[in-house]
Amino acid sequence: MFCPNCRTNNSVEQHYCRGCALKLDAIVEAVSDQFPSKEYAELQRRRARFERIGLFCLSISGLIGFSLLLFLAAQYKLILLGPEVFFGSAIGALIGFLLLSVFFLNYPKLFMKPRSRLQEETPASAVVTAKLIEDRLFEPASSVTEDTTEILKVSNARRRD
């Protein structure tokens, strides 16, 4: 269940929000009729589990099929061109993929540096810090209890103390 105040994901059993400490008991009671039954929730979890297992099996079968295709291509390459060409192309592919991995591992470190929000909005030369705080005259606000003591009836003897 998501907190309506701060959108933190909380479990239904929690009484207070983990993000903002909002009391969730009344909200759970209000939306309790919208929750699925336990049988339906269990059925949905089982369905999702079977879908994940099915996707895993499909990806494994795709991997096996792709490796069979590569094996057949390598076998025909060996028959037509000989083992020297196959070994040379394997060494070339190894070197090529090593260079690509070095490039892809170092590219984010070298070229993807995050900029701060202040740099994105305005350049550093445009920020003038002398005008951030304005000097205004301080006018104190009147107190809530300032004029309420006049209503009280207090004897003169107590006022002198």
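General remarks:
- Tensor-based shape of the stretch 1-107 (alpha-carbon gyration tensor, a/c under 1.5 rounded, otherwise prolate or oblate): oblate
- Computed from backbone phi with θ = phi - 60° and the Karplus coefficients 6.51, -1.76 and 1.60, the 3J(HN,Hα) list for the stretch 67-80 is 5, 5, 4, 5, 5, 5, 5, 5, 5, 5, 5, 5, 5, 7 Hz; x is used for glycine and proline.
- Inter-label distance, S89 to Y76: 1.1 nm, where each label sits 7 Å from its Cα along the C-beta direction.
- Other-chain or far-sequence residues with amide H under 5 Å of Y16's (modelled H): L24
- The HN-Hα couplings worked out from phi for the stretch 40-46 by the Karplus form 6.51 cos²θ - 1.76 cosθ + 1.60 (θ = phi - 60°) are 5, 5, 5, 4, 5, 5, 5 Hz, whole numbers, x standing for Gly and Pro.
Computed from the coordinates by the stated procedures, all read-outs in this text should not be read as laboratory data. Every value quoted in this text rests on a predicted model; they were computed, and no experiment measured them. Note that we place each Cβ from the backbone using ideal geometry, even for glycine, and neighbour counts take in every protein chain shown.
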